[in-house]
1. With +1 assigned to the C-beta of every Lys and Arg and -1 to the C-beta of every Asp and Glu, and no other charges, what is the dipole magnitude of region 53-246 about the Cα centre in debye, to the nearest 20?
2. Restricting to bridges with both residues inside the chain, how much of the DSSP beta-bridge set is antiparallel, in percent to the nearest 5?
3. Using +1 at the Cβ of each Lys and Arg and -1 at the Cβ of each Asp and Glu in the chain, identify which of Val101, Cys216, Gln43 lies farthest towards the dipole's positive end.
4. Please list the helices of the chain that count as membrane-span-like by this rule: a mean Kyte-Doolittle hydropathy of at least -1.0 together with Cα atoms stretching 15 Å or more along the helix axis, each helix being a complete DSSP H run.
5. Can you give me the pair-distance distribution of region 1-91, C-alpha pairs, 10 Å bins, whole percents?
6. Tell me the mean residue ellipticity at 222 nm calculated for the chain from its helices only (DSSP H runs of n ≥ 4, each -39500 (n - 2.57), averaged over every residue, nearest 500).
7. Tell me the relative contact order for region 151-247 as a rounded percent, counting alpha carbon contacts under 8 Å between residues six or more apart.
8. Which whole-number percentage describes the relative contact order of the chain, with Cα contacts under 8 Å and a sequence gap of 6 or more?
Amino acid sequence: MGKFIKQRLTIWRRFNDGIPDYLARHYWWAYLWRPAVWFFDHQPIINAILFGQYKGLLKQTLHCLESRPPGRLLQLTCVYGQLSPSIAGNKKEHPFFLCDVATVQLEAARRKLNNEAPDAVCLARMNAEQLAYSNDSFATVLVFFLFHELPVDARMRVIDEIVRVIEPGGQVIIVEYAPLPTHHFLYRIYPLRWLLTRLEPFLADFWREDLAAAMCSRAKGYGKAIERTRVEYFFNRFYRVEVYQEG
């Protein structure tokens, strides 16, 4: 019995080939296990995970992209749902670059994109903490529910990479949980809060992160000035869509 439990506790190591430890350890069941990749990439499941808010968040994200500056667009990490196919299907959003550290996620994205625009996206396997792109190489960087899944040090490295690759006058669009929602029933009811933070082990820390201040501070290290210019809240300020401008 003890051996069985030990094997269950270390199953994440099977997914640790070239994958950050925190991703394999905490999210193998959601992003790296092939049956889960198939299961979670269905609209009813995605909408349930986001408490019915997916459609509104997707619509607002695409709306923000409509006014983005001309030039190359980078989406950091693949995401479940129709975000990437919607972007790829809009010729105004080309050229479109999409990167992820997990091969299984890139494979899933490619299958979806083949139905929309098979040659419209440049897919690449790379860690968002260390992008293989040159400085000032993208007009827009899109980050959709990534930061809350990162420990603090990894999150700061990703922010550093974002401000490094964004070009002067570029935009960063971030879709995420809103700051600490002490007023929200999902936070105020302890069993719900416990379950959410159990599934999302870095969320409690992210809730307390001043993301705008972090973006501004890290940008200064690259001689850039990035400020938040727009924010829309959803689900009684539980989620947010933000736009940051360089320069």
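1. In total the dipole reaches around 400 debye.
2. Roughly 45 percent of the beta bridges in the chain run antiparallel, per DSSP.
3. Gln43
4. 54-66, 103-114, 152-165
5. That works out to 13, 34, 30, 17, 5, 1, in percent per bin.
6. One gets -11500 deg cm²/dmol as the mean residue ellipticity at 222 nm.
7. 41
8. Reported as a whole number, the value is 17 percent.
None of the figures in this text is laboratory data; all of them are computed from the coordinates on show. Keep in mind the model is a prediction, meaning the values are calculated, not measured. Quick reminder, even Gly has a Cβ in these numbers, built from the backbone with ideal geometry, and neighbours come from all protein chains shown.
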